[in-house]
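Read through the structure below, which is laid out as structure tokens, and then see the notes.
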């Protein structure tokens, strides 16, 4: 028995959902995450999240809640997804070095003909990062599947001087907003298990 479908292969999202004691069935969806010319962060993350939800809905329907999420890192209005190479990772981390940036996470749930969605934005301040550190960090393998080329829950935490907002949102699934959406679908987080 499970409470919802998690349409994401992200181990971080799975871990965060498990922390809420949610029973889920996980699967992946493929959508084009290319950024359109001139697209603003809010527009981009809303579009991609809803495309993921539509793709998930076509796979499993909405008789059981279906949850999707997307996370982006933004600095100077530049939207950063996952780096495809060391050169891209270097470009991202140099831009983030020694300054503040924003992390957007959008979540959406489809259930019985309804779509519920919410967005969480946090701000993160990096210390200065050297090129040698960027090379060593890339060699660790961690940046490859992370928006903005870092994970706050892993080695990337050594670059984080401080942050404002939601730690779980920066990781990719904000607990506060997720709990609110799931409760709209009848899933209580603090329920008693039998």
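The values are calculated or read from the model by the stated rules, or taken from the named source; none is laboratory data. Quick caveat: nothing in here was measured; it's all calculated off a predicted structure. Glycine also receives a Cβ, built like all others from the backbone with ideal geometry; neighbour counts cover every protein chain displayed.
Which residue out of 186, 148 is within 30 Å of residue 51 (Cα to Cα) and buried (at least 17 other Cβ atoms within 10 Å of the Cβ)? Quick ask: steps written out before the conclusion?
Values: 186 fails: buried (at least 17 other Cβ atoms within 10 Å of the Cβ).
Unique residue meeting the criteria: 148.
Go through segment 43-64 and give me each residue that's under 18 Å from residue 182 (Cα atoms), touching a residue at least 60 places away in the same chain (Cβ under 8 Å) and either assigned to a helix (DSSP H, G or I) or out of contact with any strand residue (DSSP E or B) (no Cβ under 7 Å at 6 or more places or on another chain) (or both).
Those that are under 18 Å from residue 182 (Cα atoms), touching a residue at least 60 places away in the same chain (Cβ under 8 Å) and either assigned to a helix (DSSP H, G or I) or out of contact with any strand residue (DSSP E or B) (no Cβ under 7 Å at 6 or more places or on another chain) (or both): 49, 50, 53.
Looking for something more than 25 Å from residue 53 (Cβ to Cβ) and either modelled with pLDDT of 95 or more or surrounded by fewer than 17 Cβ atoms within 10 Å (Cβ to Cβ) (or both) - is there at least one such residue anywhere in segment 106-115?
Within segment 106-115, none of the residues are more than 25 Å from residue 53 (Cβ to Cβ) and either modelled with pLDDT of 95 or more or surrounded by fewer than 17 Cβ atoms within 10 Å (Cβ to Cβ) (or both).
For residues that are over 21 Å from residue 43 (Cβ atoms) and in contact (Cβ under 8 Å) with a residue 60 or more places away in the chain, scanning just segment 65-92, find the one that is surrounded by the most Cβ atoms within 10 Å (Cβ to Cβ).
If we take residues in segment 65-92 being over 21 Å from residue 43 (Cβ atoms) and in contact (Cβ under 8 Å) with a residue 60 or more places away in the chain, then 67 is surrounded by the most Cβ atoms within 10 Å (Cβ to Cβ).
What's the total number of residues in segment 94-105 that are without any contact (Cβ under 8 Å) to a residue 60 or more places away in the chain and either buried (at least 23 other Cβ atoms within 10 Å of the Cβ) or under 30 Å from residue 188 (Cα atoms) (or both)?
0
If we keep just the residues of segment 56-75 that are modelled with pLDDT of 95 or more and over 15 Å from residue 107 (Cβ atoms), which is farthest from the chain's Cα centre (by Cα)?
Of everything passing the filter in segment 56-75, 75 is farthest from the chain's Cα centre (by Cα).
Collect the residues in segment 154-175 that are under 29 Å from residue 115 (Cβ atoms) and in contact with a helix residue (DSSP H, G or I) (Cβ under 8 Å, 6 or more places away or on another chain), keeping them in residue-number order.
Result: 166, 168, 169, 171, 172, 173, 174, 175.
Quick check on segment 89-100. Is at least one of its residues more than 21 Å from residue 9 (Cα to Cα), out of contact with any helix residue (DSSP H, G or I) (no Cβ under 9 Å at 6 or more places or on another chain), assigned to a strand (DSSP E or B) and modelled with pLDDT of 95 or more?
Yes: segment 89-100 contains one or more residues that are more than 21 Å from residue 9 (Cα to Cα), out of contact with any helix residue (DSSP H, G or I) (no Cβ under 9 Å at 6 or more places or on another chain), assigned to a strand (DSSP E or B) and modelled with pLDDT of 95 or more.
Residues to consider are 73, 68, 109, 124; find the one that is assigned to a strand (DSSP E or B) and under 20 Å from residue 38 (Cα atoms).
After applying the criteria, what remains is 73.
Only one of these conditions is not met by residue 152: (1) more than 19 Å from residue 71 (Cβ to Cβ); (2) at pLDDT 95 or above; (3) part of a loop (DSSP other than H, G, I, E, B). Which number is it?
(1)
Output the number of the condition that residue 9 fails; it satisfies all remaining conditions of (1) at pLDDT below 95; (2) over 23 Å from residue 158 (Cβ atoms); (3) in a helix (DSSP H, G or I).
Here residue 9 clears every test but (3).
Based on this model, can you work out whether residue 30 counts as more than 30 Å from residue 160 (Cβ to Cβ), surrounded by 15 or more Cβ atoms within 10 Å (Cβ to Cβ), at pLDDT below 95 and in contact with a helix residue (DSSP H, G or I) (Cβ under 9 Å, 6 or more places away or on another chain)?
No: the conditions fail for residue 30.
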